[in-house]
């Protein structure tokens, strides 16, 4: 067991804290990117419909809401779930194997890796687009294509996590494999629906 895994086992709050940190970071990077998009980024790269790809947060992101009741509720439920899994796998009588806790935690944390990469890409692009530097012309993406591109990135992340799971045996990475694959499938389905409508 690694030092990080030991720390996660010995400190019940560490996993929920990491999860909340990456999800809150995702939300505020999305808000920042959406502001740059509306400030001039869309003059060069326009997406059909909402800037946000996750239907759960479309209304909050479209209105650039800094405090999201949805995010607060989802994070509260996520913390409760992670603490319960920790108690059942580490705390009380270890009803579940400790690997299950790492799997669940990895599914929440690793999912944010490819999402944050996309945020950084968009921030760099829109920052330069707003400043009129290095970007000319324009392109418009239909909603279905934005979802297909995102799904492809999530599928690649899932494959990456799977390879590293096979090399290391880390259940944390297997959780990331699963969550990225689930989001990729969901986005492909949403993309197909958007294309047909």
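No value in this document is a laboratory result; all are computed from the given coordinates. Keep in mind the model is a prediction, meaning the values are calculated, not measured. Note: ideal-geometry Cβ built from the backbone for every residue, glycine included; neighbour counts use all protein chains shown.
Rounded to the nearest 10 degrees, the inclination of helix 143-168 to the longest alpha-carbon principal axis of the chain is 30 degrees. Compared with the dominant principal axis of the Cα atoms in the chain, helix 112-130 is inclined by about 20°.
For the chain, the longest principal axis of the C-alpha atoms and the axis of helix 69-86 are separated by about 20°.
Extending 7 Å from Cα along the Cβ direction at residue 17 and again at residue 196 yields two label points whose distance is 4.7 nm.
Placing R0 at 22 angstrom, the Cβ-Cβ distance between residue 145 and residue 50 gives a FRET efficiency of 0.95 after rounding to 0.05. Segment residue 74..residue 163, full-extension length gain: 29.1 nm, with 0.36 nm per residue of separation and the alpha-carbon distance subtracted.
For the pair residue 84 and residue 63, label points projected 7 Å from Cα toward Cβ lie 2.9 nm apart.
Peptides 174-180, 122-128 ranked from most to least packed by the mean count of surrounding Cβ atoms within 10 Å: 174-180, 122-128. A simple spin-label model places pseudo-atoms 7 Å from Cα toward Cβ; at residue 99 and residue 138 they are separated by 5.3 nm.
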